[in-house]
Number of protein chains: 2
Amino acid sequence: MTDTRTEILHKNYEAIHRNGFQGVRADKVVAEMGITKGALYHYFPNKFDLGYAILDELLAPHYLKIWESFERAEKNFGVVLLGVLESYRDFAKTDEEIKLGCPLTNLTQEMPPLDEGFRKRLHRITHQMQLQVETGLKNAQLAGEFKLDFNPTQTAFFYLSAIEGGFSVAKAMQSRAAFEMVIAQLKQFSEGLKV
Amino acid sequence: MTDTRTEILHKNYEAIHRNGFQGVRADKVVAEMGITKGALYHYFPNKFDLGYAILDELLAPHYLKIWESFERAEKNFGVVLLGVLESYRDFAKTDEEIKLGCPLTNLTQEMPPLDEGFRKRLHRITHQMQLQVETGLKNAQLAGEFKLDFNPTQTAFFYLSAIEGGFSVAKAMQSRAAFEMVIAQLKQFSEGLKV
DNA sequence: ATCTTGACATACCAATTAGTATGTATACCT
DNA sequence: AGGTATACATACTAATTGGTATGTCAAGAT
């Protein structure tokens with residue numbers, strides 16, 4: 001049995017993923033957990049700080065781990081890149097997950113105009129991911145494994161956009177097939193980067 | 001001076017774009033408009049039906065118009081396609097617009113898990129756009145202007161994903177430059193489709 | 001001239017919601 | 001043993017919010 005604070009984080013993360021941050025009702029989440037608001041407000045001063053903790057302790061580590069292997073690879077960049085894309089496929093393996101979309105994208109649409117704390121954190125996570133991809137692409141170029149005729153910065157943005165957009169379109173279409181088409185297309189695109 | 005109903009639609013559209021559907025406060029919107037809730041509930045039975053009207057009467061026509069020219073083109077598909085992408089660039093010309101993101105993407109993240117009416121409408125709009133792109137690509141292939149070695153369905157999903165994702169990443173980064181990189185990359189990608 | 005209908009305004013309500021004030025039990029320290 | 005900090009539970013509140021019931025006024029129909 002995990003500790004209460006961690007459980008509060010996870011359950012509220014799920015509620016946010018399902019209803020959006022504005023749609024989360026603290027009362028309902030604690031009721032479902034079988035605890036009370038006393039516990040919630042014991043660990044978190046308010047709803048926004050709870051949201052920040054979810055970003056800092058759950059989402060940021062999760063997303064930054066995804067591209068880590070590509071960024072730190074020393075050879076076989078092509079293989080590692082395809083592996084990362086494959087892991088995105090696995091990430092949304094159930095229909096349920098496709099219908100809920102990407103947690104990071106969801107929050108990115110909802111929160112930045114409403115709250116500075118969310119805005120800064122979502123900016124940082126996205127920026128760091130972009131740097132990870134960019135670094136990986138540059139290393140692959142330096143290693144002579146990828147062509148030099150593309151701009152790694154631009155291409156990094158393109159990867160992230162296509163993937164996030166893939167989640168979004170798949171969510172709109174309620175179709176995992178749509179997401180997989182985008183991943184397949186990105187794999188093909190990736191082949192074109194190789195020397 | 002436009003009629004009240006139309007004005008209610010537009011003002012609430014802006015409020016949704018800024019705060020999300022769940023974040024819209026009917027009281028505030030009508031107060032800013034200088035009208036009262038009497039007018040609002042005279043024209044719309046409830047908040048959700050107001051949202052549906054915004055989708056049906058404002059968003060759907062707007063988005064379906066974008067790819068219309070590509071779908072209906074009879075020659076110079078490459079030029080028309082680049083024109084569409086260019087129009088997306090123009091669509092988000094101010095920093096303000098970039099920071100608010102794409103209205104369709106925003107709603108696609110927020111509403112489908114919460115409401116069936118939104119889900120159906122967002123599905124239909126996205127599906128129709130995808131068909132438009134797909135049809136345009138097929139026609140370009142039939143006309144002998146685009147290569148035959150790509151799958152139009154898959155590529156259509158890829159276009160929509162990259163564009164929607166571009167809005168999303170640009171919103172996260174609060175940077176129009178990010179969006180323009182994605183558009184630039186898509187233009188380059190489009191060149192590769194030509195025979 | 002009166003009657004109806006459409007287009008709103010005013011006043012009000014019931015439910016919800018984030019947050020607080022207070023109580024209490026247990027573990028730990030001295 | 002007695003004090004203290006931690007980890008919650010209980011009960012309550014103030015504000016908000018979507019929605020309603022009712023009133024009013026002007027324009028067109030009869």
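For the range A:126-192, run through the trypsin sites (Lys or Arg not before Pro) and keep only the ones in DSSP coil with at most 13 other Cβ atoms within 10 Å of their Cβ.
Values: sites: A:K138, A:K147, A:K171, A:R176, A:K187; in loops: A:K147.
In loop regions of the range A:126-192 (DSSP not H, G, I, E or B), the sparsely surrounded trypsin sites (Lys or Arg not before Pro) are A:K147.
Which value in Å does the Kirkwood hydrodynamic radius of the protein assembly as shown take, with 1/r averaged over all unlike C-alpha pairs and then inverted?
Working: mean 1/r = 0.0455 Å⁻¹.
Result for the protein assembly as shown, one decimal place: 22.0 Å.
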Estimated 222 nm signal from helices in chain B, with DSSP H stretches of n ≥ 4 weighted -39500 (n - 2.57), rounded to 500: -23000 deg cm²/dmol
Once phi is turned into θ = phi - 60°, what whole-Hz ³J(HN,Hα) does the Karplus curve with 6.51, -1.76 and 1.60 give for every residue of the range B:129-134, x standing for Gly and Pro? 4, 4, 5, 4, 5, 4
Rounded if a/c is under 1.5, else prolate if a/b is larger than b/c, else oblate: which is the range B:91-147, with a ≥ b ≥ c the root eigenvalues of its Cα gyration tensor? oblate
Taking Cα centroids, how far is the range A:82-136 from the range A:9-38 in Å? 21
For the Cα atoms of chain A, what angle does the longest principal axis make with the long axis of helix A:176-191, in degrees from 0 to 90, nearest 10? 40
Summarise the partner chain shielding of B:124-130 as one whole number: the mean count of Cβ atoms from other chains within 10 Å of each residue's Cβ. 3
Give me the angle, in degrees from 0 to 90, between the Cα long axis of helix A:4-19 and the longest principal axis of the Cα atoms of chain A, rounded to the nearest 10. 70
Using modelled backbone amide H atoms (1.01 Å from N, in-plane), which distant-in-sequence or interchain residues come within less than 5 Å of A:F146's amide H? A:Q141, A:V195
Of all lysine pairs in the range B:1-136 that are eight or more residues apart or on different chains, those with Cα atoms under 29 Å apart total 23
If one takes the longest principal axis of the Cα atoms in chain B, at what angle in degrees, from 0 to 90 and to the nearest 10, does the Cα axis of helix B:77-91 lie? 30
As a test of understanding, state the convex hull volume per residue of the range A:1-146 from its alpha carbons, in Å³. 128
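Coordinate-derived values only; no laboratory data. Keep in mind it's a predicted model, so treat the numbers as computed, not measured. Positions of Cβ are backbone-derived with ideal geometry, glycine not excepted, and every protein chain shown enters the neighbour counts.
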